[in-house]
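Here is the structure we will look at, set down as structure tokens.
Just so you know, all these numbers are worked out from the coordinates, no wet-lab data involved. Remember, predicted model here, so these are calculated numbers, not experimental data. Quick reminder, even Gly has a Cβ in these numbers, built from the backbone with ideal geometry, and neighbours come from all protein chains shown.
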Amino acid sequence: MTKRWFSTLLGLCGLSVLTLAVLPACAQSAPTQRKPPMYSYIANWQIPRAHWSEMPQTAAADKSIMDKAVADGTIVGYGDDETLVHSADGETHDDWWSSMSMAGLLKVLGQLYASGNTSSPALDAATKHWDLIYESHYYNWHPGSYKSAYTYVASYELKPDAPDNAVDTISQNIVVPVLEKMLGDGTLIEYEIDELSVHTQAPGSFSIVYLTPNPDGIDKIEAAIRDAVNGQPLIVPAFGSMTRASGHRDELLLSEGTYK
């Protein structure tokens with residue numbers, strides 16, 4: 001998220017850090033409930049520019065495995081992304097798949113290793129590679145395949161003294177109601193709020209992820225947030241007291257994939 005996104009997100013509804021109470025503007029409907037865990041495996045790659053054109057073929061090599069896994073229910077979705085806003089040390093590409101069980105993730109990982117598709121000229125040329133496994137209790141999507149869509153990832157770091165249920169409170173009362181509305185009107189294809197399940201990085205962070213079919217969706221989401229926070233200026237310091245501004249990072253990706 002940009003700085004203005006960060007500011008508007010903070011004020012979506014009346015979250016009080018001390019009481020975890022919701023202000024009247026957000027009390028019009030019951031909070032969203034936690035769902036059963038969805039797990040996502042993300043393989044991140046830093047690929048030299050000379051090999052970028054080879055990455056679609058690398059992703060295509062996995063398609064038959066992924067489609068079969070979606071069809072039999074082992075996974076609920078898969079895809080690959082190309083980074084649009086690059087950082088000096090970040091990934092240029094990733095591929096991912098999601099399952100309602102850790103076993104489903106690992107079953108597909110084993111199939112990819114057995115197929116030999118984890119090696120290709122482009123992947124072998126990678127200067128960096130790392131994997132992450134996330135867990136989400138807040139997610140939803142429209143089934144089907146998509147191409148040339150846009151994924152926005154806004155990551156936040158919680159302060160050490162943030163309440164244990166901070167992510168639940170933020171998700172239920174602030175983020176999910178807006179994203180559900182955008183999913184309902186077709187602005188979004190998918191959203192999820194992720195926390196690390198396997199802590200290869202320090203715990204205490206979460207990511208708000210949404211997928212939109214075209215660039216206009218990014219502006220529509222921002223407009224929806226502005227509308228939701230209009231007249232609620234006291235919320236910014238409340239959200240900010242639970243998160244570290246220095247730990248906030250954004251990603252913008254060009255995406256394709258499939259959801260069951």
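For this structure, a couple of remarks:
- With both labels modelled 7 Å from their Cα along Cα-to-Cβ, the ARG244 to LYS128 distance reads 1.8 nm.
- Using C-alpha pairs below 8 Å separated by at least 6 residues, the relative contact order for segment 105-260 is 40 percent.
- Label-point separation, VAL85 to ASP185 (7 Å along Cα→Cβ), nm: 2.3 nm
- Gain upon complete extension [HIS199, SER53; 0.36 nm per residue less C-alpha separation]: 49.3 nm
- Packing-based ranking of 41-47, 116-122 yields 41-47, 116-122, ordered from highest to lowest mean Cβ neighbour count within 10 Å.
- Taking label positions 7 Å along the Cα-Cβ direction at both GLN111 and LYS260, the computed distance is 1.1 nm, reported to one decimal.
- Amide H to amide H distances under 5 Å link VAL76 with SER98, SER99, MET100, where only residues 5 or more positions off or on other chains count and H is placed in the peptide plane.
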